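Asks: Below you'll find the structure I mean.
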Amino acid sequence: MAIWNLLWLYILILYVNNGRMEASHKVYPQFQSLSAVNISQLHHTAFHFQPPKNWINGPMYYNGIYHIFYQYNPKGAVWGNIVWGHSVSKDLINWKELEPAICPSKHFDIDGAWSGSTTILPSNKPIILYTGVDSNGIQTQNYAVPANLSDPYLRKWIKPGNNPLIDPENGVNATAFRDPSTAWWLNGRWRVLVGSERNSRGIAYLYRSRDFIHWTKAKHPFHSAPNTGMWECPDFYPVSLSSKEGLDPSYMGKHVKHILKVSLDDARYDYYTLGTYLTNDDKYVPDNASVDGWAGLRYDYGNFYASKTFFDPAKRRRILWGWVNESDFTQDDVKKGWAGIQVYVNINLYINIYVH
């Protein structure tokens, strides 16, 4: 009970925002492009992150600026017309809204620029990996880079011509293949996870690359579990057994465990396991006490989904962002002109207690 009280305490104190979301995919054609005439301020948050209006759903710290990228409908208060919204902050409290970072515009993402993650390359260049959906519903993994690195806000992003980088192949379910994770570096190669499902088995596929452009699928899944359905928004990161500080995703030192979090599309909740990363085999094995799926651990037992962590090198902490949606009806969202908020918590303070 003390653990959850602490977690809720930090949520209540630090609650702000961000993440990389992909909430409900249910389409409401009659509402998705219906603009709000008046924006209701009743229950509209002042401290949690929200764009001024409409529906929201890869956080990043870069050169002193926090970036929040979020699945956003610029035309309405329900899911649809999804773009990558983009806002920036210096303190995680006061946010400046920018123009969308990614919009559907190419054949590989014309029907959706869905969730993904950011990675900072060793040359101090940020890169976005995201899922694009083509006109046939095929999901591929694509990338975008800043158009101008001298712009402190990184306002404009471009999609190079060699997209997509990762296509579904070798038995992968092409319509359930999405949400690339933040990459980590090990033994001369980048590694990234992509969520999927096949015959009700949730799967996190592993891909490797030497240059972040040419990717090869591992022969075996990084981890999977039967009867768990589609695994959205996989998140994989190390946690220290001896310190409250956060760790870079590529850290593989002693006294470390790893967390694998997946968002179960069937349940609409986030579940995670604590376990061991077998680096020689490139596989993840949950501890005996960690259970995959509906009976497993959750970050939060409320309406909390599609979360994403990132390492904050400025304060040596790992921040968990999650999407919280209201428990109301679609018509209510349309009437008030907005839906959803982003919240954050310093997860290391919670995980550190748990692993001990």
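The values are calculated or read from the model by the stated rules, or taken from the named source; none is laboratory data. Note that the structure is predicted; figures quoted are calculated from it, not measured. Cβ sites come from the backbone with ideal geometry, for glycine too, and all protein chains shown count toward neighbours. In case anyone asks, the SASA skips ligands and DNA or RNA and just uses the protein heavy atoms, side chains included. Shrake-Rupley method; radii C 1.70, N 1.55, O 1.52, S 1.80 Å.
Asks: Do you know the relative contact order of segment 92-220, to the nearest whole percent, from alpha carbon pairs under 8 angstrom that are 6+ apart?
Replies: 18 percent
Asks: Pulled fully out, how much extra length does the chain show between ASP248 and ASN170, if you take 0.36 nm times their separation in residues and subtract their Cα-Cα distance?
Replies: Taking ASP248 through ASN170 to full extension adds about 24.9 nm, to one decimal.
Asks: Above 19 Å lies some portion of the pair distances; for segment 206-267, what is it as a whole percent of all C-alpha pairs? It would help to have the intermediate numbers written out before the result.
Replies: On the way: 950 of 1891 pairs.
Here the long-distance tail beyond 19 Å is 50 percent of all Cα pairs in segment 206-267.
Asks: Under a plain spin-label model, where a point goes 7 Å from the Cα along Cα-to-Cβ, how far apart in nm are ASN63 and LEU121?
Replies: Here the answer is 1.5 nm between the modelled labels.
Asks: Let me ask another. Could you work out how much longer the chain between ILE213 and HIS255 gets when fully extended? Use 0.36 nm per residue separation minus the Cα distance between them, nm to one decimal.
Replies: Numbers: separation 42, 0.36 × 42 = 15.12 nm, distance 3.22 nm.
Once the chain is fully extended between ILE213 and HIS255, it gains 11.9 nm.
Asks: Check each of the chymotrypsin sites (Phe, Trp or Tyr not before Pro) in segment 224-253 and keep only those in coil by DSSP with at most 16 other C-beta atoms within 10 angstrom; list them in order. Write out the running numbers ahead of the final one.
Replies: Working: sites: TRP231, PHE236, TYR251; in loops: TYR251.
Loop-located and lightly packed - TYR251.
Asks: Taking the Cα-to-Cβ direction at LEU98 and at HIS220 and moving 7 Å from each Cα, how far apart do the two end points lie in nm?
Replies: 4.2 nm
Asks: Here's another thing I want to ask about it. When only C-alpha pairs under 8 Å and at least 6 residues apart count, what is the relative contact order of segment 59-346, in percent?
Replies: Once divided by the residue count of segment 59-346, the mean separation gives 11 percent.
Asks: What is the distance in Å between the Cα centroid of segment 305-325 and that of segment 71-145?
Replies: So the two Cα centres are separated by 17 Å.
Asks: Continuing with the same structure: Taking 0.36 nm per residue of sequence separation and subtracting the Cα-Cα distance, how much length would be gained by fully extending the chain between ALA289 and LEU186, in nm to one decimal?
Replies: Details: separation 103, 0.36 × 103 = 37.08 nm, distance 2.71 nm.
Once the chain is fully extended between ALA289 and LEU186, it gains 34.4 nm.
Asks: If you don't mind, another one. Report the Rg/Rh value for segment 59-346, based on alpha-carbon coordinates and the Kirkwood definition of Rh.
Replies: Dividing the radius of gyration by the Kirkwood radius yields 0.93.
Asks: Counting only heavy atoms of the protein chains, get the accessible area per residue of segment 59-346 (1.4 Å probe) and round it to a whole Å² value.
Replies: Heavy-atom accessible area per residue stands at 39 Å².
Asks: Give the ranking of TRP184, TRP157 by solvent-accessible surface, highest area first, calculated with a 1.4 Å probe.
Replies: Working: TRP184 0, TRP157 30 Å².
The ordering from most to least exposed comes out as TRP157, TRP184.
Asks: Now a separate question. Per residue, what volume in Å³ does the Cα convex hull of segment 93-169 take up?
Replies: Taking only Cα atoms, segment 93-169 has a hull volume of 116 Å³ per residue.
Asks: Add +1 for every Lys or Arg and -1 for every Asp or Glu among the other residues with Cβ under 9 Å from the Cβ of LYS159, and state the total.
Replies: Residues close to LYS159 contribute a combined charge of 0.
Asks: Could you tell me the calculated FRET efficiency between ASN162 and THR279, based on Cβ-Cβ distance and R0 = 22 angstrom, to the nearest 0.05? Working shown, then result.
Replies: Working: r = 29 Å, r/R0 = 1.34.
E(calc), rounded to 0.05, equals 0.15.
Asks: Could you order ARG317, ARG210, ARG268 by accessible surface area, starting with the largest, using a probe radius of 1.4 Å? Walk me through the intermediate numbers first.
Replies: Values: ARG317 35, ARG210 155, ARG268 65 Å².
Heavy-atom accessible area, descending, gives ARG210, ARG268, ARG317.
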